[in-house]
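Here the structure is laid out as structure tokens; the discussion comes afterwards.
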Amino acid sequence: MTTHKKIIAISGSIREGSSNTNILKALAAFIPEGIDYSIYNGIQDLPHFNPDIDGTEPPAVVESFRKTLAESHALIICTPEYAKSVPGVLKNALEWLVSSAELYKKPVAVITASPAITGGDKAHESLLLTLGMLDTNIVENGSLLVPSVGTKFNDNATVKDESTKQSLIDLINSLVYEINK
Ligand SMILES: Cc1cc2nc3c(=O)[nH]c(=O)nc-3n(C[C@H](O)[C@H](O)[C@H](O)COP(=O)(O)O)c2cc1C
């Protein structure tokens, strides 16, 4: 029996109708056959990171989150910028992975999308720093800013801007290349 490789995606926005979550939904169209792709929807259920509760028996939601990532072969994060940085809910989720190291050397792609023309560059930079500290493998073409996000996608999570579409395809292809090599 062949086991499919798994890509997990996490949105930094837990908002209903999030443009970042919509980008992650749009990516499903570019995932090749034989790769399982799913969006992890549970980061809002993680408690605030606290080393005191990260002992031998961390909370069940934390264990479940870590297990999901341990069983994945690659990660895609797509996030907005909040107050010129990474949304707290996403940063909190990443803090839970520092000691357990599920992302160590794992292929990762990072997208920041914003209605602003900056594309959320400050959050992007900050997220790359955090992922560097976690010793992830940011793949070639795996770092993408999507400025003016409202003009680039249809409401039904399809890409209408050709250049953005090509960048997303390149990002997926690089990630798949890394997990298959
Ligand atoms: C509290 C708050 C802070 C924000 N700060 C920024 C910011 O620093 N830079 C930026 O480009 N957009 C900022 N925005 C706008 C978000 O990029 C915008 O709401 C975006 O649509 C959120 O992503 P989502 O559609 O995936 O939820 C902020 C929005 C909120 C609610």
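Of the residues making up the stretch 72-79, not a single one is over 23 Å from residue 36 (Cβ atoms) and within 16 Å of the ligand (Cβ to nearest atom). Consider the stretch 36-51 and keep the residues that are hydrophobic (A, V, I, L, M, F, W, C) and open to solvent by less than 20 Å² (accessible area, probe 1.4 Å). The one that is nearest to residue 63 (Cα to Cα) is 46. Among the conditions (1) within 16 Å of the ligand (Cβ to nearest atom); (2) in contact (Cβ under 8 Å) with a residue 12 or more places away in the chain; (3) more than 19 Å from residue 46 (Cβ to Cβ), residue 151 misses just one, which is (2).
Listed here are the residues, each with its yes/no results for (1) of a type in the set (Phe, Trp, Tyr); (2) surrounded by fewer than 19 Cβ atoms within 10 Å (Cβ to Cβ); (3) over 17 Å from the mean Cα position of the chain (by Cα).
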residue	(1), (2), (3)
118	no, yes, yes
123	no, no, no
127	no, no, no
144	no, no, no
148	no, yes, yes
159	no, no, yes
173	no, yes, no
176	no, no, no
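Tell me, please, whether a residue that is closer than 21 Å to residue 142 by Cβ and out of contact with any Cys (no Cβ under 9 Å at 6 or more places or on another chain) can be found in the stretch 40-61. Yes, the stretch 40-61 contains a residue that is closer than 21 Å to residue 142 by Cβ and out of contact with any Cys (no Cβ under 9 Å at 6 or more places or on another chain). Filtering the stretch 75-99 to residues that are among the small types (Gly, Ala, Ser) and open to solvent by 40 Å² or more (accessible area, probe 1.4 Å) leaves 83, 85, 88, 99.
The set of residues in the stretch 25-46 that are among the aliphatic types (A, V, I, L, M), within 16 Å of the ligand (Cβ to nearest atom) and either free of Cβ contacts under 8 Å to residues at least 40 places away in the same chain or in contact with a Gly (Cβ under 7 Å, 6 or more places away or on another chain) (or both) contains only 39. Answer with yes or no whether residue 165 is more than 16 Å from the ligand (Cβ to nearest atom), in a loop (DSSP other than H, G, I, E, B) and either surrounded by fewer than 18 Cβ atoms within 10 Å (Cβ to Cβ) or touching a residue at least 24 places away in the same chain (Cβ under 8 Å) (or both). Taking the combined requirement at face value, the residue does not satisfy it.
The number of residues in the stretch 133-142 being farther than 17 Å from residue 113 by Cα and either assigned to a strand (DSSP E or B) or open to solvent by less than 50 Å² (accessible area, probe 1.4 Å) (or both) comes to 6. Restricting the stretch 1-24 to residues that are surrounded by fewer than 18 Cβ atoms within 10 Å (Cβ to Cβ) and closer than 15 Å to residue 76 by Cα, the residue that is farthest from the ligand (Cβ to nearest atom) is 5. Listed by first and then second residue, the pairs with beta-carbon distance under 7 Å, at least 6 apart or on different chains, first residue in the stretch 52-65 and under 16 Å from residue 97 (Cβ atoms) and open to solvent by less than 60 Å² (accessible area, probe 1.4 Å), second of a type in the set (Val, Ile, Thr) and in a helix (DSSP H, G or I), are 59/53.
In the stretch 72-86, the residues that are among the aliphatic types (A, V, I, L, M) form Cβ pairs under 6 Å with partners that are within 14 Å of the ligand (Cβ to nearest atom), at six or more places apart or across chains, as follows: 76/9; 77/10; 86/123; 86/126; 86/127.
The values are calculated or read from the model by the stated rules, or taken from the named source; none is laboratory data. All values reported here derive from a predicted model rather than from experimental measurement. Note that we place each Cβ from the backbone using ideal geometry, even for glycine, and neighbour counts take in every protein chain shown. Only protein heavy atoms, including side chains, enter the accessible area calculation; ligands, DNA and RNA are left aside. Shrake-Rupley method; radii C 1.70, N 1.55, O 1.52, S 1.80 Å.
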